[in-house]
1. Output the residues belonging to region 211-239 that are among the charged types (D, E, K, R) and surrounded by fewer than 17 Cβ atoms within 10 Å (Cβ to Cβ).
2. Could you grab me the full set of residues in region 127-161 that are of a type in the set (A, V, I, L, M) and out of contact with any Cys (no Cβ under 7 Å at 6 or more places or on another chain)?
3. Given the condition in contact (Cβ under 8 Å) with a residue 40 or more places away in the chain, more than 20 Å from the chain's Cα centre (by Cα), in the same structural domain as Phe33 (by TED's automatic domain parsing) and more than 21 Å from Gly217 (Cα to Cα), answer yes or no: does some residue in region 114-127 qualify?
4. Name the residues in region 175-210 that are of a type in the set (A, V, I, L, M), surrounded by 22 or more Cβ atoms within 10 Å (Cβ to Cβ) and free of Cβ contacts under 8 Å to residues at least 60 places away in the same chain, would you?
5. How many residues are under 14 Å from Trp45 (Cβ atoms) and either of a type in the set (Phe, Trp, Tyr) or in a strand (DSSP E or B) (or both) if we restrict to region 235-273?
6. Filter region 72-86 down to the residues that are aliphatic (A, V, I, L, M) and surrounded by fewer than 19 Cβ atoms within 10 Å (Cβ to Cβ) and list them by number.
7. Among the numbered criteria (1) more than 18 Å from the chain's Cα centre (by Cα); (2) of a type in the set (S, T, N, Q); (3) under 30 Å from Val207 (Cβ atoms), which single criterion is violated by Ser139?
Amino acid sequence: MAASNLTVRLGTAAIGAAVVIPLLFFVPAPGFFCLVLFASAACAWELSAMAAPADLLPRIVAVAGAGAACAAIYFRLDRPAVLVGVLVVATIAQGVAHLVRAQPIETVGARFAVGVAAIPYAGCLLPFVAVLGRPPLGSPWVVLVLVAAWFADSGAYFTGRALGKHKLAPAISPGKTIEGAIGGLVVASAGCAGVHFLLLPRALPLVDALVVGAIGGVLGPAGDLVESLLKRSFGVKDSGKLLPGHGGMLDRVDALMFVAPAAWLWLRFRGVI
């Protein structure tokens, strides 16, 4: 990585931390949700733009649907009928939008499918990060899933650079290695164990912390690879340009989108939360 690009990446990361940390620790929970809502909408915009750059109206519908789904999960998780209603209305709206923007008609089926898929992909996965931050839970639980996802990514990167020899998915992401993935799983599990000891010694059993770390080590790379697969199919390098040095929002949260809901499901299944 060029020194100039590394400087840009670090600068963007510093600005991001300056936004995320106050919202997570010093602002009431809905403030952090607003950031997650923005991220979900941005992901829907980027995915729709990659698939069909000229389809502005369907893209707006996808963003609105993803935002509504995100809000339904955060505010009405106890009433799944609200989310079902959002998805039904958004799907119908996508169909109507493609009636308005039907040309070229040979590709409308694929464009419609992506427009519909963008709504749950961007709107139903990421909000679980914010759900974990709601009372009676709180910011330590958000830190747990952030550590699971991002420690797995960092651990895989550095382990892969040092020891990587066997490609994990060469047709999708040539830089990823099996050794890196194993390293990422170990680092994520160790990081989540650290969250247990430092932030949640009584609320989170160590075994569940390790499982969340393993979820990060397995599903984090899966989320990253899925997004890479989408980008390759659309012929783009980055999902967008929102975050200088990092690409788009989807490039930054792709792993977290798979890790957060899976971790929430595990913790609910175990009765931890």
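The values are calculated or read from the model by the stated rules, or taken from the named source; none is laboratory data. From a predicted model like this one, the values you see are computed outputs, not experimental measurements. A quick note on method: Cβ atoms are made from the backbone with ideal geometry, for glycine too, and the neighbour counts reach across all protein chains shown.
1. Within region 211-239, Arg232, Lys237, Asp238 meet the criteria.
2. Hits for region 127-161 are Val129, Ala130, Val131, Leu132, Leu137, Val142, Val143, Val145, Leu146, Ala149, Ala152, Ala156.
3. Among the residues of region 114-127, not one is in contact (Cβ under 8 Å) with a residue 40 or more places away in the chain, more than 20 Å from the chain's Cα centre (by Cα), in the same structural domain as Phe33 (by TED's automatic domain parsing) and more than 21 Å from Gly217 (Cα to Cα), which makes the answer no.
4. Within region 175-210, Ala181, Leu185, Val187, Ala188, Val195 qualify.
5. Here the count works out to 2.
6. Those that are aliphatic (A, V, I, L, M) and surrounded by fewer than 19 Cβ atoms within 10 Å (Cβ to Cβ): Leu77, Ala81, Val82, Val84.
7. Exception for Ser139: condition (1).
A quick yes/no check of all residues on (1) in contact with a helix residue (DSSP H, G or I) (Cβ under 8 Å, 6 or more places away or on another chain); (2) part of a strand (DSSP E or B); (3) of a type in the set (Asp, Glu); (4) under 29 Å from Pro22 (Cα atoms):
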{"site": "Ala156", "(1), (2), (3), (4)": "yes, no, no, yes"}
{"site": "Gly160", "(1), (2), (3), (4)": "yes, no, no, no"}
{"site": "Leu168", "(1), (2), (3), (4)": "yes, yes, no, no"}
{"site": "Lys176", "(1), (2), (3), (4)": "yes, yes, no, no"}
{"site": "Ala181", "(1), (2), (3), (4)": "yes, no, no, no"}
{"site": "Val187", "(1), (2), (3), (4)": "yes, no, no, yes"}
